[in-house]
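Engineer: Here you go, one structure.
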Amino acid sequence: QVQLVESGGGLVQAGGSLRLSCAASGTIFSINAMGWYRQAPGEQRELVAGITSDAATNYADSVKGRFTISRDNAKNTVYLQMNSLKPEDTAVYYCNALIKRRLGTLPTAYWGQGTQVTVSS
C-alpha cells in the first residue's frame with residue numbers, strides 16, 4: 001500500500017501565502033516525478049507544478065513567479081509554496097507521485113485525497 005497525505009490548505013486573503021505538503025508512505029522503493037494539480041469547480045484538473053527526482057521543475061504559466069515546488073527525498077515529501085495568491089487560485093489541490101514499489105517494476109501514479117485552497121478577494 002502507498003498513501004499520499006496532503007496538508008496545508010485553507011482560507012487566505014488575496015495576496016497571502018500558503019504552503020502545501022504531501023508525504024508519501026508505505027512500501028516505496030523510489031519516487032520519480034512528483035507534482036501538484038488543481039481542480040476548480042466545473043473545470044478540468046490541471047498541472048500546477050512538477051518536480052523530477054533530480055529536482056528539475058516546471059510550472060503552469062499562471063503560477064510562474066508566485067509558486068515554488070520543492071521536495072525532500074529523505075522524507076518522501078513534496079511541497080508547494082504559494083505566494084501572492086489570487087482568487088483564481090481557488091481550487092482543490094491534489095498531490096501526485098510516480099512511485100516504484102519494488103526494484104525492477106514500472107512506476108505507478110498515486111494521488112492524494114486533495115486539499116481545499118480558497119482565496120478571498
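The values are calculated or read from the model by the stated rules, or taken from the named source; none is laboratory data. Keep in mind that this is a model prediction, so the values were computed, not measured. No Cβ is skipped: glycine too gets one built from the backbone with ideal geometry, and neighbour counts run over all protein chains shown. Ligands, DNA and RNA are excluded from the accessible area calculation, which covers all protein heavy atoms including side chains. Shrake-Rupley method; radii C 1.70, N 1.55, O 1.52, S 1.80 Å.
Engineer: When you look at residue 88, is it open to solvent by 30 Å² or more (accessible area, probe 1.4 Å), at pLDDT 95 or above and closer than 21 Å to residue 121 by Cα, yes or no?
Structural biologist: Values: open to solvent by 30 Å² or more (accessible area, probe 1.4 Å): yes; at pLDDT 95 or above: yes; closer than 21 Å to residue 121 by Cα: yes.
Here the answer is yes, as residue 88 does meet what is asked.
Engineer: Quick one: residue 26 ticks every box in (1) surrounded by fewer than 13 Cβ atoms within 10 Å (Cβ to Cβ); (2) at negative phi; (3) not polar (S, T, N, Q) except a single one, so which number is it?
Structural biologist: Looking at each condition in turn, residue 26 falls short on (2).
Engineer: Which members of the range 1-47 meet the condition of being in a strand (DSSP E or B), over 12 Å from residue 111 (Cα atoms), in contact with a Gly (Cβ under 7 Å, 6 or more places away or on another chain) and of a type in the set (S, T, N, Q)?
Structural biologist: The answer is 21, and nothing else.
Engineer: Only one of (1) open to solvent by 50 Å² or more (accessible area, probe 1.4 Å); (2) touching a residue at least 12 places away in the same chain (Cβ under 8 Å) is not met by residue 112, so which one is it?
Structural biologist: Only one criterion is unmet by residue 112, namely (1).
Engineer: While we're here: Within the set of pairs 6+ apart or on separate chains, which have a first residue in the range 56-80 that is within 20 Å of residue 7 (Cβ to Cβ) and open to solvent by 60 Å² or more (accessible area, probe 1.4 Å), a second that is at pLDDT below 95 and not in a strand (DSSP E or B), and C-beta atoms under 8 Å apart?
Structural biologist: Every condition considered, the pairs that remain are 73/53.
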